[in-house]
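The values are calculated or read from the model by the stated rules, or taken from the named source; none is laboratory data. Just so we're clear, the structure is a prediction, and the values are computed from it rather than from any experiment. Note that each Cβ is placed from the backbone with ideal geometry, even for glycine, and that neighbours are counted across all protein chains shown. Quick note on the areas: whole protein, heavy atoms, side chains included, nothing else; ligands and nucleic acids left out. Shrake-Rupley method; radii C 1.70, N 1.55, O 1.52, S 1.80 Å.
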Amino acid sequence: MAEASVLLSGDLLSGGQEYCVHLSHEGLRWQLTNQKREPTEVSLPWSDIYGLVTDGQGETTQGNGEGKSFTIHFISRRKDKKWRAAEKKFDVKEGDVSAWVVQIQAKYRPATPKSLLVIVNPIGGKGQGQQVYEKKVAGFFKTAGIDTHVFITERAKHTEEIINNFDFSKVEGIVTVGGDGMYQEALNTFIQRNQKEAGIDVNNPESVLKPLDIKFGIIPAGTGNGLCGMATGVIDIETAILHVIRGETTGFNIFGIYEPGKLLSYSGLLFAHGFTSAVIKKTEEKRWMKTFRYPYAILTHSFSKKSVYEPEIHVMEKTVGDDAQEKADSEGAAASPTEKGWRRLEAMEYMDMMMFICKLDTTHDKMVMRPSTDSFTVFFTKHCGGWAQLKLMYGLMTQESSALKAPQLVVHQDLTAIKVKFNIDENPSLSEKEKMVGRLLNIDGELYKVESGEVDIRLIPRYVPLYSTDVDVYTALPEESH
C-alpha cells in the first residue's frame, strides 16, 4: 500500500505493545514500533477484514465515539493453503476511536454477502452436517453480519422443494452444508428453475443459458467433497466458511448432459461410466458400512470381473485462438457442432470413462485442476488387473502427473463436447446384470440411468459464480500472536 493513499495513521496499543497503524483505500497495515530489528509488517486488504467490534459491545453499526478500542476480525492465510479466522484489538492512545471505526466501516468486507440461503444435509458424510453448521458456520456468519435463511433437509428431494419455492430476491447466494451430491442437487434445481422462468429450453443442447444471478458456496460436510477442494485449494471447513464470507467468486465450468431430446442433468464436478459407476452402485448397496463402504467397494471391484464396453465416441475439440468461441463461452453458451465439427474417435474398448469439468495442467509433478478453462480432459481406462487399477486410482487421487503415463490409460485433452453411444445391447460379452450396470452413469457421485443408450455432454464454461479463490496464490501472514 502506497504512503500517498494513507487516510489515517497513528500509534495504537495492542497486547501491551505499540504499533504503527496505517489505514488506506487499499486496506489496513501495522507493524511494531519498538523492535530493534527490522519490524515485520502485516498488511490486510479490506476484503480480508470481515468483522468490527468496539469495546466488547458487539458488532458496530455506527461510529459513536464511545470507548477507546476496537477489534477487527480478519482472515489469516497459512502456507498449507488453509485459512484461519484471526482477530486483533487496538487501543487508541490519543484522539477519538470513532475516526478509526467510521473509516473501517466504510471500507471493510466489500464483497461479503448480506444474506444467504443455507441448506444443511444432516445425514451426509458422518452425519454431522447440522452440528457443523450450528457449532462452526453460524457463528462466523453472525460475526460477518450475514443474514441467513436456514433449512435442514428432512427427506429425499427436499433440497429441490426448498429451491423451487424460495423467494431469491431475499438473498445473494446459496450455501450448501454437505457434499458434492447436495451441491449438484441444489445447482441442478436452481439452473432449471432459472431457465424455465426465462423461457429457455433446457432440453436443447444448443440453448444459450441465462446467466446466474445467485452465487454458490460449499461447506464440506459430506462423504465426497472434491468440488470444495477444487474451489478453495483444500478440504477444510473453516477455509470454506471464510471463502464465503470474503464473497469473491470464480466462474466454474459445468457439464450439460443430454439424452436425445431431453436434459439428463447438469454436472458441477464429474461424469463417469463403467468401473466408477459400478463402484458407486456397490456403495449404495452397502450404506450400512458408512464411509468404509467406499474403500471396500473400490478394493472388491478392482479384483472382481470388470465389464468392458465398446462404445461409439465423437468429440468436439477446442480450436486455439477462436475468439468468437471465447466470447460465447463467457455468455453461458455450450460448444456448438455448427462451429466446430465432431470427430469420431478410433474404435476402442474401455472399462472406465471419467471426465471432470476442468482441464488438467500436467506441466508439474502434481496435476492442477483448472475449473475455469474452456476445455476439459477425459480418461479412458482399458481393461487391466486389480493392482494396476488401484495404482492408477491412487495416482489420480493424489494428483500425480505421472499417473497419466499408465499403459492402460488413454487421455484426450482440450475437448469441449463428447457424444457417447454405449452399444450396451449390441455387446455380446455383457451379461444381463452387466448390461443393467452399464446403463448407469455417475454424475457428481450420484447414479443416473440412461434410457436411450447414448449421451451428449457439453461443457458450459465459467457458468457458476462459486465462492472461491485462485488456488495457486496463497499469502501467509507473518507469525504473530493475534
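Computed quantities for the displayed model
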{"quantity": "Relative contact order of the chain, defined on C-alpha pairs under 8 angstrom at six or more residues apart (%)", "calculated": "16"}
{"quantity": "5 angstrom amide H check on Gly145, placed H, neighbours 5+ away", "calculated": "none"}
{"quantity": "Sum of side-chain charges, Asn164 neighbourhood, beta-carbon under 12 Å (Lys, Arg +1; Asp, Glu -1)", "calculated": "-2"}
{"quantity": "Euclidean distance of C-alpha centroids, the stretch 99-117 and the stretch 268-303, integer Å", "calculated": "45"}
{"quantity": "Under 5 Å, built H, 5+ apart or other chain: amide partners of Tyr463", "calculated": "Phe252, Asn253, Ile254"}
{"quantity": "Accessible area of the chain divided out per residue, in Å², using a probe of 1.4 angstrom", "calculated": "45"}
{"quantity": "Length-normalised contact order of the stretch 412-454 in % [C-alpha pairs under 8 Å, at least 6 apart]", "calculated": "38"}
{"quantity": "Among 423-430, 114-121, 435-442, the order from most to least packed when residues are scored by Cβ within 10 Å on average", "calculated": "114-121, 435-442, 423-430"}
{"quantity": "Protein accessible area in the stretch 136-228, 1.4 Å probe - carbon and sulfur %", "calculated": "46"}
{"quantity": "Student exercise, the stretch 194-317 dipole from Lys, Arg, Asp, Glu Cβ charges, in Debye to nearest 20", "calculated": "680"}
{"quantity": "GluC sites (Glu not before Pro) within the stretch 62-131: DSSP coil, no more than 14 neighbouring Cβ in 10 Å", "calculated": "Glu66, Glu94"}
{"quantity": "Gyration tensor (alpha-carbon) shape descriptor, the stretch 211-282, a/c threshold 1.5", "calculated": "oblate"}
{"quantity": "Compactness of the stretch 340-482 as Cα Rg over 2.2 N^0.38 Å, two decimals", "calculated": "1.28"}
{"quantity": "Where Rh is the Kirkwood radius over Cα pairs, Rg/Rh for the chain", "calculated": "1.03"}
{"quantity": "Rel. contact order, % - alpha carbon contacts under 8 angstrom, at least six apart, the stretch 351-407", "calculated": "36"}
{"quantity": "Furthest towards positive pole of dipole, Ser431, Gly181, Val244, structure part the chain, Cβ charges", "calculated": "Ser431"}
{"quantity": "Residue (of Tyr448, Pro371, Ala99) at the positive-pole extreme of the chain, dipole from beta-carbon charges", "calculated": "Tyr448"}
{"quantity": "Low-density loop positions, trypsin sites (Lys or Arg not before Pro), the stretch 127-181 - DSSP coil, at most 15 other Cβ in 10 Å", "calculated": "Arg155, Lys157"}
